[in-house]
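Below is one structure, written out as structure tokens, with a few remarks after it.
The values are calculated or read from the model by the stated rules, or taken from the named source; none is laboratory data. The model shown is predicted, which means the values in this text are computed figures rather than measured ones. Heads up, the Cβs are rebuilt from the backbone with ideal geometry, glycines too, and the neighbour counts pull from every protein chain shown.
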Amino acid sequence: MTTELTTVSSIYTDELKGLMTRAQRGDYAAQTELRALLDQRSDLWQTVGDLSKHAELNILRLAAGDDYLTQEAMRRMLAQMKAELAGPSPSLVEKMLVERVGVCWLHVNYLEIESTRGLGKTNTPQAVYVQRRLDSANRRYLTALRQLVTVRRLLSPEFSLGSGGTKRTRSRRAEESVPANELQ
């Protein structure tokens, strides 16, 4: 099974690496050839240009190190969570926010693991620093979740948060415009 970990590295063929080296050295012909290649191969620029995927891969490598089994298990867990969170037909904004939630979730959990490694040493400058990073990452995670919920409320009067989430059958504005005795 091909994963994102192997897909990104398999794109870099020897021919592409040579072309990239020449383009980075300022070879105008190579730059033109590289742009033409990107025009022909949308899969190439979509994979290499996916910054969210790069962030995920970096955090996975930090969390799991060289343990491929753990990296792959974590990647699959994240993919499942994002699929459930995105739902059957997410808008572009929802897709972007789900990606953000995924990266933030990985980061929070990675930092949680890091913070527990020094358990019992809470007064050291390093422990305080790790805790601040964890608190900051957790705020970003919760903010991303709130933004996703807000977008869903704005896009549809009926939404659900993931497969097991709550459903809202009316928008808040619709409820405000209906007399209270009709809501019962």
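When residues of region 20-48 are filtered for being acidic (Asp, Glu), modelled with pLDDT of 90 or more and under 26 Å from the mean Cα position of the chain (by Cα), how many remain?
Restricting attention to region 20-48, the residues satisfying the condition of being acidic (Asp, Glu) are 27, 33, 39, 43.
After this cut, where a residue has to be modelled with pLDDT of 90 or more as well, the list is 27, 33, 39.
Within this subset, residues satisfying the condition of being under 26 Å from the mean Cα position of the chain (by Cα) are 39.
Number satisfying all stated conditions: 1.
Report yes if Thr6 is surrounded by fewer than 16 Cβ atoms within 10 Å (Cβ to Cβ), within 30 Å of Ala144 (Cα to Cα), modelled with pLDDT of 90 or more and not assigned by TED's automatic domain parsing to the domain that holds Val108, otherwise no. First the steps, then the outcome.
Working: surrounded by fewer than 16 Cβ atoms within 10 Å (Cβ to Cβ): yes; within 30 Å of Ala144 (Cα to Cα): yes; modelled with pLDDT of 90 or more: no; not assigned by TED's automatic domain parsing to the domain that holds Val108: yes.
Against the criterion (surrounded by fewer than 16 Cβ atoms within 10 Å (Cβ to Cβ), within 30 Å of Ala144 (Cα to Cα), modelled with pLDDT of 90 or more and not assigned by TED's automatic domain parsing to the domain that holds Val108), Thr6 does not qualify.
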